Amino acid sequence: MLSLQEIQEATITLETSDRVSRVFIPDHRTAYESLEIASSVLALTKRLQAGSGVIRLLEHDPPLLTRRVRTLQDLFSNRLVLGVGTGSPGPEPGKTVSAMLQRLDELKKAFQNFPREIKPPEIYVATLKLGIAKRATAIADGLLLNFCSPKHAAELVAGVRAERERGVEIACYLKIFFSSQSDAVAQRLMVQEFLNYDSAPQYHEMFVQDGTAKAISSFKSSEEWKNGPLEMPNELLRVSLANPRSGELARYVEAFRQVGVTLPVIYPYFPTDEGSEFKSETIRGILRSL
């Protein structure tokens, strides 16, 4: 995670790049609040769009969230991006998704009562499954995929486009792990993230469908990877990378573009003790690669 100062420095770098159009701020329960950070990004820029990536919509008070979104849209020339998800789907996922989509519809309709120049934000709905994606495209401007292979993205893109004539933006978090210490440190960070996500039932199901579950399971059965040499399975390298070289990163991003991901979202990870100078140089290197 970047510190507030590091986020501000990165924002200035991103604003000057014609390769970047939007900045998504992850929303973690134990980290910064994404809409607050997005407001600081928007305040430092004139061109970039920025917003949540994603908030758990059903945990927010609807009138208060509408006021916050309207305020940010008015302050920053309609550049807010609102990325939303359900959070834990609970015992009745279908009803949870319906509740989220209804909230989104109500939020968009509330803007009819505001001055005409204040527009509803660009809305992205986080999804892992085709069924949710198809429902979300009725109201969302885009979909936000996460931690999947180009194959999984291709299947979802094909299903959505067959369902809907109007184009919808397909964004995808491309998680990439970096460390100044060694490739092995970056790889261990990557393995741990796969294990963390695999513990969530909805992600485990996606990993099974995506053909990565067996590779992830191999790291569960032994903890030698925490200290010994690592050989990353090809199945995982289709989903993520660790300390990639410039050409490798470019080919990885292009693999997602070729299957219909219109907005690749580079999501760099660093060890908690990583230095600011390495983080800044890594972000500049990513921009050069693209």
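The values are calculated or read from the model by the stated rules, or taken from the named source; none is laboratory data. Predicted model, so just to flag it, every value in this text is computed and none were measured. Cβ atoms come from the backbone with ideal geometry, glycine included; neighbour counts cover every protein chain shown. Note: areas computed on protein heavy atoms with side chains; ligands, DNA, RNA excluded. Shrake-Rupley method; radii C 1.70, N 1.55, O 1.52, S 1.80 Å.
Search segment 74-103 for residues that are among the acidic types (Asp, Glu) and pair each with any residue that is open to solvent by less than 30 Å² (accessible area, probe 1.4 Å) and at pLDDT 95 or above when their beta-carbon atoms are under 7 Å apart and the residues are at least 6 apart or on different chains.
Asp74/Ile118
Residue by residue through segment 198-212, note down the ones that are of a type in the set (Val, Ile, Thr) and open to solvent by 100 Å² or more (accessible area, probe 1.4 Å).
Within segment 198-212, none qualify.
Collect the residues in segment 213-232 that are part of a loop (DSSP other than H, G, I, E, B) and crowded, with 16+ Cβ neighbours inside 10 Å, keeping them in residue-number order.
Result: Leu230, Met232.
Check Leu290, Leu237, Leu230 and return the single one that is modelled with pLDDT of 95 or more and not β-branched (Val, Ile, Thr). Before the answer, list the steps.
Working: Leu290 fails: modelled with pLDDT of 95 or more; Leu230 fails: modelled with pLDDT of 95 or more.
Unique residue meeting the criteria: Leu237.
Working only within segment 236-285, note down all residues that are free of Cβ contacts under 8 Å to residues at least 40 places away in the same chain and either under 22 Å from Glu169 (Cα atoms) or open to solvent by 40 Å² or more (accessible area, probe 1.4 Å) (or both).
Leu237, Arg245, Glu248, Arg251, Glu254, Arg257, Asp273, Glu277, Glu281
What single numbered condition from (1) in contact (Cβ under 8 Å) with a residue 24 or more places away in the chain; (2) outside any loop (DSSP other than H, G, I, E, B); (3) small (Gly, Ala, Ser); (4) open to solvent by 10 Å² or more (accessible area, probe 1.4 Å) fails to hold for Ala171?
Of the numbered conditions (1) in contact (Cβ under 8 Å) with a residue 24 or more places away in the chain; (2) outside any loop (DSSP other than H, G, I, E, B); (3) small (Gly, Ala, Ser); (4) open to solvent by 10 Å² or more (accessible area, probe 1.4 Å), the odd one out for Ala171 is (4).
Quick check on this structure: which one of Arg19, Arg29, Arg47 is open to solvent by 50 Å² or more (accessible area, probe 1.4 Å) and closer than 19 Å to Cys172 by Cβ?
Within the list Arg19, Arg29, Arg47, the selection yields Arg19.
Output the residues belonging to segment 89-104 that are under 17 Å from Tyr124 (Cβ atoms) and among the hydrophobic types (A, V, I, L, M, F, W, C).
Val97, Met100, Leu101, Leu104
Kindly list, by first and then second residue, each pair from a residue in segment 1-12 that is among the acidic types (Asp, Glu) to a residue that is loosely packed, with under 15 Cβ neighbours inside 10 Å and not in a loop (DSSP other than H, G, I, E, B), limited to pairs with Cβ atoms under 9 Å and residues at least 6 apart or on different chains.
If the second residue must be loosely packed, with under 15 Cβ neighbours inside 10 Å and not in a loop (DSSP other than H, G, I, E, B), the pairs left are Glu6/Ser276; Glu9/Ser276.
Considering each of Ser180, Ser149, Ser98 in turn, give the residue that is modelled with pLDDT of 95 or more, closer than 28 Å to Pro271 by Cα and surrounded by fewer than 20 Cβ atoms within 10 Å (Cβ to Cβ).
Selected residue: Ser180, the only one of Ser180, Ser149, Ser98 that is modelled with pLDDT of 95 or more, closer than 28 Å to Pro271 by Cα and surrounded by fewer than 20 Cβ atoms within 10 Å (Cβ to Cβ).
Count, please, the residues in segment 183-197 that happen to be open to solvent by 10 Å² or more (accessible area, probe 1.4 Å), among the hydrophobic types (A, V, I, L, M, F, W, C) and under 22 Å from Ser280 (Cα atoms).
3
Is there a residue being at pLDDT 95 or above, part of a helix (DSSP H, G or I) and not polar (S, T, N, Q) anywhere in segment 264-275?
No, segment 264-275 contains no residue that is at pLDDT 95 or above, part of a helix (DSSP H, G or I) and not polar (S, T, N, Q).
Residue by residue through segment 159-177, note down the ones that are more than 14 Å from the chain's Cα centre (by Cα), at pLDDT 95 or above and among the aliphatic types (A, V, I, L, M).
Passing the criteria: none in range.
Quick one: which strands (runs of 3 or more DSSP E) sit completely within segment 69-146 and have at least 2 residues that are among the small types (Gly, Ala, Ser)?
Correct list: 80-85.
In the set Thr137, Thr127, which member is at pLDDT below 95, buried (at least 17 other Cβ atoms within 10 Å of the Cβ) and within 22 Å of the chain's Cα centre (by Cα)?
Criteria check complete, one pass: Thr137.
Report the residue count in segment 147-168 for those that are part of a loop (DSSP other than H, G, I, E, B) and under 20 Å from Thr86 (Cβ atoms). Talk me through it step by step, then tell me what you get.
At the first step, the residues of segment 147-168 found to be part of a loop (DSSP other than H, G, I, E, B) are 147-149, 164-168.
Next cut, under 20 Å from Thr86 (Cβ atoms) only: 147-148, 168.
So the answer is 3.
Select, from Gly53, Gly87, the only residue that is open to solvent by 10 Å² or more (accessible area, probe 1.4 Å), in contact with a strand residue (DSSP E or B) (Cβ under 9 Å, 6 or more places away or on another chain) and under 22 Å from Ile266 (Cα atoms). Break it down stepwise before answering.
Details: Gly53 fails: open to solvent by 10 Å² or more (accessible area, probe 1.4 Å).
Testing whether each residue is open to solvent by 10 Å² or more (accessible area, probe 1.4 Å), in contact with a strand residue (DSSP E or B) (Cβ under 9 Å, 6 or more places away or on another chain) and under 22 Å from Ile266 (Cα atoms) leaves just Gly87.
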